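Data block below; observations after.
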Amino acid sequence: MATLQASFCSSSFSSASFKKTKTTLHTPKFQKSSHLSVPRLLVDELSQPNGLLNLTATSTHIEMNPNFKNTRRSKGSEAISDSKLVQELYAIMEIVSDRVEMHKNICAQRDNWNGLLLNSLNGMTATAAIMAGLAAVSGSGGAPILALKLSSSLLYMAVTGILLVMNKIQPSQLAEEQRNASRLFKRLHEEIKTTLALKTPTSNDVKVAMEKVLALDKAYPLPLLGTMIEKFPSLVKPAVWWPEESKPQHEETSEKVERNGWDEKLEEEMREILGVVRGKDAAEYVRLSNVVLKVNKILAFCGPLLTGFAAAGAGLVGLTGFGSWGAVLAVVFGALASVVNTLEHGGQVGMVFEMYRSSAGFFKLMEETIESTLKEGEVGERENGELFEVKVALQLGRSLAELRDLASSSSLSSRFKQAKEEFASKLF
């Protein structure tokens, strides 16, 4: 009986001793210094020879390492920073998506303006001409004749006023501006999506995205009053919808570089393409913009002038001394005004001008992109040369072979002073 009690006491003492040891080792400091759970670690260590000694050594090593907590803290701050940048880019994407819908809706609205106003003007002009004709054939004197004359004159004056406003704002050009803005915001949305998919965003990516949004807002404003683009500028310039280059440029190096897909041959090819785009494509679209602008100015001036003459002619109907000239002026000038208005607004001359101006801006952007890329002395900072060449070729609607042929032919023509009529772009 004494032996059993001694054995029971011994086993109880050993169990209590083991629990005490386990409780002592399971300290809060050790939990803060390791990612492993203590019960699992105790089992692994105690199952080996000298388990308690190994456990003590491991715990001491973790506590004595001063860089462990700093490493975890720096990695955690980097993860928080990256997460914040991703959130900012997603917020910009949401704003860009909203801009797309806004410009799309306003484009539809202003396109409706053009059609509705043109139909209304033509209807009012035709009605005024008919009234003037009826007044002329109804004889002289009487209230009915006076009513027809006044109605015709008032309609012509209303048409003149509406035409002045319509020619000032150019609804077809407004619709084309919003159409371009919607397309460019969609492209920016895809660029941000690509950035998020291919790499971890940086603060510079967020900054560039915000600058592009603000540049597009400035290039294609939504309101009509105050910030509307001038519809009849004295000097035609290509449309600019990208931010100014703020990256410091390096001097060009004369060394032969073959890194990042670039070499001297590719750089020379890009210089030749730059010369063709600047001398042919961009200049041609600026010239076409000037031609269309002059036509639009003439039509915008003639429309209200013709309706004004028609209004004066309608007032002269039935007056002695003028005979039938009043009716002739009212009907003929009213018909001419309808033709002019249909040509200007039905033909959407303002939209054509904006399309040419936007195309000139496209080539100007290509010029600046190629030029800034070639000015970057550090080829490691450039976009990959082979990828850049593919992008330029596709933007111009050419294959790589056609792009290289264009560069070589441009070089030969400049060398022998021969004028080359081929344009860089095959799209426009």
Query raised in the report: Taking the range 110-145 on its own, how many of its residues are surrounded by 13 or more Cβ atoms within 10 Å (Cβ to Cβ) and in contact with a helix residue (DSSP H, G or I) (Cβ under 9 Å, 6 or more places away or on another chain)?
Result: 25
Query raised in the report: Just wondering, is there one or more residues in the range 145-167 that are in contact with a Phe, Trp or Tyr (Cβ under 6 Å, 6 or more places away or on another chain) and either of a type outside the set (D, E, K, R) or modelled with pLDDT under 90 (or both)?
Result: no
Query - the range 327-354 residues that are in contact (Cβ under 8 Å) with a residue 24 or more places away in the chain, paired with ones that are outside any helix (DSSP H, G or I) and crowded, with 24+ Cβ neighbours inside 10 Å (beta carbon under 8 Å, 6 or more apart) - result: 327/317; 330/317; 350/170
Query raised in the report: Do any residues in the range 148-175 that are open to solvent by 30 Å² or more (accessible area, probe 1.4 Å) have Cβ atoms under 7 Å from those of residues that are in a helix (DSSP H, G or I) and polar (S, T, N, Q), where the two are at least six apart or on different chains, and which pairs are they?
Result: 155/127
Query raised in the report: Could you give every pair whose Cβ atoms fall below 8 Å, whose first residue belongs to the range 357-373 and is in contact (Cβ under 8 Å) with a residue 60 or more places away in the chain, and whose second residue is of a type in the set (S, T, N, Q) and open to solvent by less than 30 Å² (accessible area, probe 1.4 Å), counting only separations of at least 6 or pairs across chains?
Result: 357/289; 358/180; 360/289; 363/425
Query raised in the report: Can you name the residue in the range 219-230 that is free of Cβ contacts under 8 Å to residues at least 12 places away in the same chain and either within 14 Å of the chain's Cα centre (by Cα) or farther than 15 Å from residue 99 by Cβ (or both) and, of all such residues, is most open to solvent (accessible area, probe 1.4 Å)?
Result: 225
Query raised in the report: Out of (1) of a type in the set (Val, Ile, Thr); (2) surrounded by fewer than 18 Cβ atoms within 10 Å (Cβ to Cβ); (3) part of a loop (DSSP other than H, G, I, E, B), what's the single condition that is false for residue 208?
Result: (3)
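The values are calculated or read from the model by the stated rules, or taken from the named source; none is laboratory data. The structure presented is a predicted model; accordingly, all values stated were derived computationally and were not measured. So basically every Cβ, Gly included, is an ideal-geometry build from the backbone, and we count neighbours across all protein chains shown. Side chains included, ligands, DNA and RNA excluded: accessible areas come from the protein's heavy atoms. Shrake-Rupley method; radii C 1.70, N 1.55, O 1.52, S 1.80 Å.
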